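Q: Just passing along the structure, written as structure tokens.
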Amino acid sequence: MRIVDVRTHVLLDPGVDPGATSSAQDTIVVEIETDAGLVGIGETDLNAWVARACIEAPGTHTMDRGLRSSLIGRDPLDPAQLWQELYVGSAMTGRRGALVHALGALDMALWDLCGKAAGVPCWRLWGEQVREMLTPYASLQPDASSFDDYLHTMVAWSQRARELGFEAVKIEATFAGPYVHKSLVGSDEQVIEIVAAVRSALGRGTEILVDVQYAFETVERALAVAVGLAELDVFLLETPLWADDIAGYAELSARSPVRIAAGEWLATRHEFVELIDRGGVHVAQPDVGRVGGPTEALRVCGFAAGRGRLVVPHAWKTGISAAAAAHLAVVTPNMPFFEFLPPELCTSRLRRELVKEELELRDGLLPAPQRPGLGIELDFDALVRFEEAAR
Ligand SMILES: [Mg+2]
């Protein structure tokens, strides 16, 4: 079997709001087609136009090869080998950052192809099944423009997630720092206030994860919030400090009464080695596409397990990324949850409309996927609509 085409689709939500802090408003979808007629699908999380450029740019010399052109004519059935060739062959443009994120979409599509070619779900190619039922957490980010509205919507959505059967929810409570939503600046006490309101509405028995999205510029400030959250029995506190503040993470992780989680932006296992071994974080959060695809995500999971750390992947795109994270959870013992944007509780049209064969939630749990490959099917009418919006 040979690869005959690599197609990239830049997709945009027609209602895109550049003032919103949601990377679910655009995406890149890649299709890798073979001479056997099989097509693999992948996705990744970075600016979709940049991702397309990384994939389609021609190579200029032996250490700056084009990703797409390197794949044409190749046998797709050894993704790890192809990953290594693409990673090394593009090293002077890549090694980290956008190119590795883009490589992740190709790697995901290659694994989808391998599963389809073998007639098995991707996870069967990745390792031993460690769980039958997977536990997604509902990631909640209301579209609100006042604090009261934000609080009430978050409480309502959490209750709705609970009614859908979710055993865990993630509250985005970001009132400081670069991720402030619609200029909604507030105090650190308001973070606690929102989580307290959600905890009292849900009672005990539902796990609450809290994401403050790089809100704090000092360890002391982050620690004060962590202490408040510990009283509310919070499972983890996500990205309290800026991504490059590894020394800050080391100090905070050593002192925090709540698990500290980070890593959603990282590329390759090498950046996770630094985040865990120097930064000391308790929970690693690779995005399956962004980190470099399933090939690299599996290595991060293995490394984290060896260091006694949990993995709770980031996935803020469409049903494609959600499926990739689900397959990873089947074979990863140290992955108690993975991020899941419930289509019913999210404002992104891409998330709601792009994938028509969705993984099926049963009382808040996902049975291990059984269809070949990633097990998803795109709605091509929706794809064309979103592609037109991006032109
Ligand atoms: Mg986050």
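Q: Among the residues that make up segment 211-218, is at least one of them in a strand (DSSP E or B), in the same structural domain as residue 313 (by TED's automatic domain parsing) and at pLDDT 95 or above? Break it down into steps so the answer makes sense when it comes.
A: Residues of segment 211-218 that are in a strand (DSSP E or B), as a first pass: 211.
Subset that is in the same structural domain as residue 313 (by TED's automatic domain parsing): 211.
This time we only want the ones that are at pLDDT 95 or above, so: 211.
Yes.
Q: Follow-up question, since we're still on this one. Would you mind stating whether residue 291 is under 16 Å from residue 241 (Cα atoms), among the β-branched types (Val, Ile, Thr) and within 16 Å of the ligand (Cβ to nearest atom)?
A: no
Q: Could you tell me whether any residue of segment 244-254 is in contact with a Leu (Cβ under 9 Å, 6 or more places away or on another chain) and among the β-branched types (Val, Ile, Thr)?
A: Yes, that holds for at least one residue.
Q: Does residue 90 satisfy the condition of being within 30 Å of residue 244 (Cβ to Cβ) and of a type in the set (S, T, N, Q)? Write out each step before concluding.
A: Details: within 30 Å of residue 244 (Cβ to Cβ): yes; of a type in the set (S, T, N, Q): yes.
Answer is yes for this residue.
Q: Between a residue in segment 144-172 that is at positive phi and any residue that is in a loop (DSSP other than H, G, I, E, B), which pairs come within a Cβ distance under 6 Å, given they are 6 or more apart or on different chains?
A: 165/363; 165/364
Q: Next up: Assuming residue 292 fulfils every condition listed in (1) more than 29 Å from residue 106 (Cβ to Cβ); (2) in contact (Cβ under 8 Å) with a residue 40 or more places away in the chain apart from one, which condition is it?
A: Among (1) more than 29 Å from residue 106 (Cβ to Cβ); (2) in contact (Cβ under 8 Å) with a residue 40 or more places away in the chain, the lone unmet condition for residue 292 is (1).
Q: Related question: Looking at segment 343-389 only, could you name the residues that are in contact (Cβ under 8 Å) with a residue 40 or more places away in the chain, more than 27 Å from residue 124 (Cα to Cα) and surrounded by fewer than 19 Cβ atoms within 10 Å (Cβ to Cβ)?
A: First pass over segment 343-389, keeping only residues in contact (Cβ under 8 Å) with a residue 40 or more places away in the chain: 344-351, 354, 359, 361-376, 378, 383, 385-387, 389.
After this cut, where a residue has to be more than 27 Å from residue 124 (Cα to Cα) as well, the list is 344-350, 383, 385-387, 389.
Once the filter is applied, which keeps residues that are in contact (Cβ under 8 Å) with a residue 40 or more places away in the chain, more than 27 Å from residue 124 (Cα to Cα) and surrounded by fewer than 19 Cβ atoms within 10 Å (Cβ to Cβ), segment 343-389 yields 344, 347, 383, 385, 387, 389.
Q: For segment 227-248, name all the residues that are over 23 Å from residue 21 (Cα atoms) and either more than 16 Å from the ligand (Cβ to nearest atom) or of a type in the set (Val, Ile, Thr) (or both).
A: If the condition is that a residue be over 23 Å from residue 21 (Cα atoms) and either more than 16 Å from the ligand (Cβ to nearest atom) or of a type in the set (Val, Ile, Thr) (or both), then 227, 228, 230, 231, 232, 233, 234, 246, 247, 248 are the ones that fit.
Q: Mind checking which helices (runs of 4 or more DSSP H) fall wholly inside segment 230-337 and carry at least 2 residues that are more than 17 Å from the chain's Cα centre (by Cα)?
A: Numbers: elements: 246-255, 268-277, 294-306, 319-331.
Ranges flagged: 246-255, 268-277, 294-306.
Q: Continuing with this model, one more query. Any residue at all in segment 181-198 that is within 16 Å of the ligand (Cβ to nearest atom), closer than 18 Å to residue 341 by Cα, crowded, with 17+ Cβ neighbours inside 10 Å and modelled with pLDDT under 95?
A: Checked segment 181-198: at least one residue is within 16 Å of the ligand (Cβ to nearest atom), closer than 18 Å to residue 341 by Cα, crowded, with 17+ Cβ neighbours inside 10 Å and modelled with pLDDT under 95.
The values are calculated or read from the model by the stated rules, or taken from the named source; none is laboratory data. This one's a predicted model, so the numbers in the text were calculated from it and none came from an experiment. All Cβ positions, glycine included, derive from the backbone under ideal geometry; neighbour counts span all protein chains shown.
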